[in-house]
Amino acid sequence: MKIIISPAKKMKTDDVLPWRDLPAFLEKTDRLLAALRAMPAARLKSLWKCSDTIAGENLRRLERMDLRRGLTPAILSYEGIQYRYMAPDVFTDAQFDYLQEHLRILSGFYGLLRPFDGVTPYRLEMQAKLSVDGAKDLYAFWGADLASALAQDAGWVLDLASKEYSDAVAKHLPPSVRLVRCVFGEEQEGRVVEKGTLCKMARGEMVRYMAEMDAERPEDLLAFDRLGHRFSPEHSSENALVFLRNG
């Protein structure tokens, strides 16, 4: 079993725990870095869709970026809502071992990351219109590589990623690998409505819940009850587990 999650735009460096390995697709990351460094500042700002201040910070990052030294474990590097609710800073050693085996972070820059792969702060979303090596965008650049890596030792994959990132692997997974999506929402006028911030919070809580429960099967997730959510069998299907929250 593998769990896939999205990265976060905001990143930090952290030396509390050492990184263990370099990312599996680092040679492809090298090519992305070279392409970014070859672009003019105005084009990069447009690619990043950010303010002048954030663009300046990331231009300085590109200038000094070292992909092999001074790295931070990926699980500690991202600072988004999902990661705050996952709270990796207080995982036990056994829970970190669980995550290292099962959790994978999807990334437009690094491809697929294990929790203790060493990374450096970057800015590159999966949906960025970046053409590299003849590929029209990052989805084409990564192709089936990420799904193939996931499928090597996974009977099923739990999708806790945003659509932007899950789209990078979903259409490439072989039929033998079951993809199960978690939906966290509220019922409104007969429809299940997902709200962005609450979804991110719940995805982080689900990762923590699975590590605490040592979950291995979809059935192990059904008792999840955090942030007011409850499993709804009538809204769920074989490949979609729906958890509803009282509004």
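The values are calculated or read from the model by the stated rules, or taken from the named source; none is laboratory data. Bear in mind that the values here come from a model prediction, so they are computed numbers and not experimental data. Cβ: placed from backbone, ideal geometry, glycine included. Neighbour counts: every protein chain shown.
Quick notes on this one:
- Within the option set 216, 234, being outside any helix (DSSP H, G or I), acidic (Asp, Glu) and under 26 Å from residue 90 (Cα atoms) holds for one residue only, 216.
- Residue match in region 50-64 (condition: hydroxyl-bearing (Ser, Thr, Tyr), touching a helix residue (DSSP H, G or I) at 6+ places or on another chain (Cβ under 9 Å), loosely packed, with under 15 Cβ neighbours inside 10 Å and under 19 Å from residue 9 (Cα atoms)): yes
- Selection from region 171-190 of residues that are loosely packed, with under 15 Cβ neighbours inside 10 Å and in contact with a Gly (Cβ under 9 Å, 6 or more places away or on another chain): 176, 188
- Residues of region 32-45 classified as surrounded by 14 or more Cβ atoms within 10 Å (Cβ to Cβ) and either over 12 Å from residue 128 (Cβ atoms) or without any contact (Cβ under 8 Å) to a residue 24 or more places away in the chain (or both), total: 4
- Screening 144, 154, 211, 168 for residues that are small (Gly, Ala, Ser), more than 18 Å from residue 243 (Cα to Cα), surrounded by fewer than 22 Cβ atoms within 10 Å (Cβ to Cβ) and at pLDDT 95 or above leaves exactly one candidate, 144.
- Listed by position, the helices (runs of 4 or more DSSP H) enclosed by region 13-90 that each have at least 2 residues that are more than 30 Å from residue 195 (Cα to Cα) and more than 22 Å from the chain's Cα centre (by Cα) are 26-37, 41-48, 52-64.
- When residue 195 is tested against the conditions (1) surrounded by 14 or more Cβ atoms within 10 Å (Cβ to Cβ); (2) among the charged types (D, E, K, R); (3) at positive phi, the lone failure is (3).
Let's see how each residue does on (1) out of contact with any Ser or Thr (no Cβ under 6 Å at 6 or more places or on another chain); (2) farther than 29 Å from residue 152 by Cα; (3) basic (Lys, Arg):
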| site | (1), (2), (3) |
| --- | --- |
| 171 | yes, no, yes |
| 184 | yes, no, no |
| 190 | yes, yes, no |
| 221 | yes, no, no |
| 228 | yes, yes, no |
